[in-house]
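One structure is given here, and the rest of the page talks about it.
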Amino acid sequence: MSVNKNNNPNDFPLYLFYQGKNYEAYKFFGVHSKKKGRGKVFVFRVWAPNAVSVSVVGDFNGWDRAANPMYLIADGIWEAEISKLKQFDAYKFSIEAQDGRILMKADPYAAHYETRPGTASKIFESDFQWSDSKWFDEKKNKSIYKSPVNVYEVHLSSWKNYGGEVFLDYVTFAKEIIPYLKKMSYTHVEFMPLTEYPYDGSWGYQVTGYFAPTSRYGTPDDMRKMIDMFHAAGIGVILDWVPAHFPKDEAGLYEFDGTCCYEYTDDRKKEHKAWGTRVFDYGKAEVCSFLISSANYWFDQFHVDGLRVDAVASMLYLDYDRQEGEWAANIYGGNENLEAVEFLKHLNEAVFLKHPDALMIAEESTAWPLVTKPTDIGGLGFNFKWNMGWMNDMLSYMSLDPIYRAFNHDKLTFSFFYAFSENYILPISHDEVVHGKCSMINKMPGEYEQKFASYRAFLAYMMAHPGKKLLFMGQEFGQMKEWDYKSQLDWNLMDFDSHRDLLKFSEKLNKFYVENPPLWQNDDSWNGFSWISNDDYKQSIISFRRIDDNGDEIIAVCNFVPVERRDYRIGVPQKGRYKLIFNTDAAEFGGSGITENSFKSDSVPMHGHDNSISMTLAPLSVIYLKFAPVKRRTTSAKDETKAAKKPAAKKTAAKTEAAPKAKTTAKKAAAKADEASKAKPAAKKTAAKKPAAKTSAAAKKTKTSAKKTPSAKDK
């Protein structure tokens, strides 16, 4: 479609739409009011390229498709103007298909929907006033890569609820969870999808409203208020967003105008059979405009800080979850979906063009290269990716009986070798605690207390591992059962000491993470990480250093077996004393607290360092150590002046007190002489004891020295 400057103002947005480059298509499509004469009218627009006719129907016209017909204004674009409508009026598009069927479809660009089981769209125009400019000003002045990111993933319905499908609304939820998130030092909250969806059991991942927050928890402005409250509290907001597929609900995008409009027409590409959903046709420019506009909409209109893009792997591969013969190769004979690859690049370029400080996070479960690299060097253009490889390896490792961990040491260490190939987030998400996978605490083997010790060690290891962090709700206090979307978390577990102690542990670990730059300032570079020992597989122990931009560092030592290790020695980079700054086995967390609080280095070379320290490692524990240099007091000019004046002061005092002091001294000397002559045998006895005391001290010193000498095995 060509653009003529003399044509109406719709021409340019339509031109961009047909090019796949209208990044604000929501401003044109859907329903919008405009002034007309002394009143206003509502303009409805919809893309239905293969429809015979389209009408707007709703409560306002008795759902009569003859009352308000729409007219073609361009190729496949239908429009109607209707007056005397109001906020929350329900409507749908009545579409006549080429085969004569009348389809009742919700508006793909609707801002609001009926609450399920209703499927109609609703007129909604926002009058919300944002107050989060301070939040965005602060964001501009810091790099997310150089900042702590500790994400709390939440399902709004089941964090807390009143039972019987009575949920907290958006604002009440914010009031409830914000103090908790602040106390627990989470930097971001990530919501499982809040885009409108019909079926609760999909958890929001089968979307019908790509521009509408679900009405389960209130109006769109209620959601805006919730996000504003998070920002006021200094907490970022991330939404799960689903451009990979959509459900086959009659009122949704499925065969929207009676044909495959939003989805592929090719049977080998158009459906994910296992999910019962349709796949977007990324080769259609109009579909690209739709999806990219949806992504921008949540940043523009709802001030979200990031999108976690769901199921990216299913988009990238033509043979994803398909058997031989169920898919067709691309033009180069490969299994890559070249159209989806281009779409993802286009998506990220468009989002970062408008929102440079956005988080675009890929849930990508394969080894696809350069996911978080710029598009101009062949990357997909995301700025973060979930580290699914780390997650799978570590959950497999931690689920093993500790006796077998020595033979699976590579699962513990392998992720460190590719940790800087992408910008990673380490995810322990909802997917890991459903469908028979059991909760995190119950993945840990052993008796009750051992489970908690093992889980504390895992969390501290995760916090020290390079990469940003994400934990699903309930796992911070040891939810015992699998996550169930129908019921709230088991907050009653707070009645038990072990769960209260675990929550306290999570609180202090999170706070420690946020306050210590070595754990997050260089997550994407070898500058922030160095191995001390990664090969002690026989004892299932690893140790490494995390380093910040100033050279400050934290040493992590991880013992993954239920065996106490005495006189365990590691090399250290500096000579001096090392202080214990965090211990998963501390008594306050339910541990034994047997590890010493500080360790003095010995001049014993080890692990490539000239010095080493010896320590006791508690069973199933992780400790963090920090070099504690001895502070030497420097002599200032002021001190020297004081020192110079002291003798003069003494001399003056001596003159004043000379006579009385002389008398007193004489009396004392006479008394001592008399006493000494009477008590000579006792003095001898005391003197005899002194050499023995010296010998004992020397022996003690020798014994201590011997204890610090490394064994041949340690060397």
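Remarks
- For segment 273-385, the helices (runs of 4 or more DSSP H) that sit wholly inside it and include 1 or more residues that are touching a residue at least 40 places away in the same chain (Cβ under 8 Å) and open to solvent by 40 Å² or more (accessible area, probe 1.4 Å) are 285-302, 338-354.
- Residue match in segment 468-476 (condition: in contact (Cβ under 8 Å) with a residue 24 or more places away in the chain, over 28 Å from residue 547 (Cα atoms) and either touching a Lys or Arg at 6+ places or on another chain (Cβ under 7 Å) or part of a strand (DSSP E or B) (or both)): no
- Restricting attention to segment 54-83, the residues that are crowded, with 16+ Cβ neighbours inside 10 Å, charged (D, E, K, R) and under 46 Å from the mean Cα position of the chain (by Cα) total 1.
- If you go through segment 260-272 and keep only what is in contact (Cβ under 8 Å) with a residue 24 or more places away in the chain and either out of contact with any Ser or Thr (no Cβ under 8 Å at 6 or more places or on another chain) or crowded, with 21+ Cβ neighbours inside 10 Å (or both), you end up with 261, 262, 266, 268, 269.
- Pair list, Cβ < 9 Å and 6+ apart or interchain, from segment 218-234 residues that are in contact (Cβ under 8 Å) with a residue 24 or more places away in the chain and within 13 Å of residue 301 (Cβ to Cβ) to residues that are surrounded by 22 or more Cβ atoms within 10 Å (Cβ to Cβ) and among the small types (Gly, Ala, Ser): 220/111; 220/212; 227/174; 228/174
- Those strands (runs of 3 or more DSSP E) lying entirely in segment 6-110 with at least 2 residues among the aromatic types (Phe, Trp, Tyr): 39-47, 90-96
- The single condition from (1) crowded, with 20+ Cβ neighbours inside 10 Å; (2) more than 17 Å from residue 486 (Cβ to Cβ) that residue 169 fails is (1).
- Of all residues in segment 397-418 being of a type in the set (Phe, Trp, Tyr) and part of a helix (DSSP H, G or I), the one that is surrounded by the most Cβ atoms within 10 Å (Cβ to Cβ): 397
- When 520, 483 are checked against the criterion of being in contact with a Pro (Cβ under 9 Å, 6 or more places away or on another chain) and of a type outside the set (Asp, Glu), a single residue qualifies: 520.
- Number of positions in segment 229-246 that are surrounded by fewer than 20 Cβ atoms within 10 Å (Cβ to Cβ) and not aliphatic (A, V, I, L, M): 1
- Tally of residues being small (Gly, Ala, Ser) and closer than 22 Å to residue 308 by Cβ across segment 130-164: 4
- Top-ranked residue in segment 457-483 [being open to solvent by 10 Å² or more (accessible area, probe 1.4 Å) and charged (D, E, K, R); ranked as farthest from residue 236 (Cα to Cα)]: 481
- Residue in segment 108-128 that is farther than 24 Å from residue 291 by Cα and either crowded, with 18+ Cβ neighbours inside 10 Å or among the aliphatic types (A, V, I, L, M) (or both) present: no
- The set of residues in segment 419-454 being open to solvent by 40 Å² or more (accessible area, probe 1.4 Å) and closer than 22 Å to residue 592 by Cα consists of 442, 446, 447, 448, 449, 450.
- Selection count where residues are closer than 27 Å to residue 280 by Cβ and part of a strand (DSSP E or B), scope segment 189-224: 9
- Unique match (being of a type outside the set (Ser, Thr, Tyr) and more than 21 Å from residue 209 (Cβ to Cβ)) among 308, 278, 322: 322
- The conditions of being touching a Lys or Arg at 6+ places or on another chain (Cβ under 7 Å) and either of a type outside the set (Lys, Arg) or touching a residue at least 40 places away in the same chain (Cβ under 8 Å) (or both) are met by residue 185.
- Residues located in segment 567-597, provided they are of a type in the set (Ser, Thr, Tyr), more than 11 Å from residue 626 (Cα to Cα) and more than 30 Å from the chain's Cα centre (by Cα): 568, 592, 595
- Residue match in segment 134-149 (condition: modelled with pLDDT of 95 or more, surrounded by 15 or more Cβ atoms within 10 Å (Cβ to Cβ) and touching a strand residue (DSSP E or B) at 6+ places or on another chain (Cβ under 6 Å)): yes
- Members of segment 25-43 that are surrounded by 19 or more Cβ atoms within 10 Å (Cβ to Cβ) and either touching a residue at least 60 places away in the same chain (Cβ under 8 Å) or of a type in the set (A, V, I, L, M) (or both): 25, 26, 29, 30, 31, 42
- From the options 153, 176, residue that is of a type in the set (D, E, K, R), open to solvent by less than 50 Å² (accessible area, probe 1.4 Å), under 30 Å from the mean Cα position of the chain (by Cα) and at pLDDT 95 or above: 153
- Residues that are more than 26 Å from the chain's Cα centre (by Cα) and more than 22 Å from residue 605 (Cβ to Cβ), drawn from segment 545-566: 561, 562, 563, 564
- Within segment 566-603, being closer than 19 Å to residue 534 by Cα, open to solvent by 10 Å² or more (accessible area, probe 1.4 Å) and either in contact with a Pro (Cβ under 9 Å, 6 or more places away or on another chain) or in a loop (DSSP other than H, G, I, E, B) (or both) holds for 567, 573.
The values are calculated or read from the model by the stated rules, or taken from the named source; none is laboratory data. Keep in mind it's a predicted model, so treat the numbers as computed, not measured. With ideal geometry, Cβ positions are generated from the backbone for all residues, glycine too; neighbour counts draw on all protein chains shown. For the accessible areas, the whole protein counts, side chains as well, though only heavy atoms, and no ligand, DNA or RNA atoms are used. Shrake-Rupley method; radii C 1.70, N 1.55, O 1.52, S 1.80 Å.
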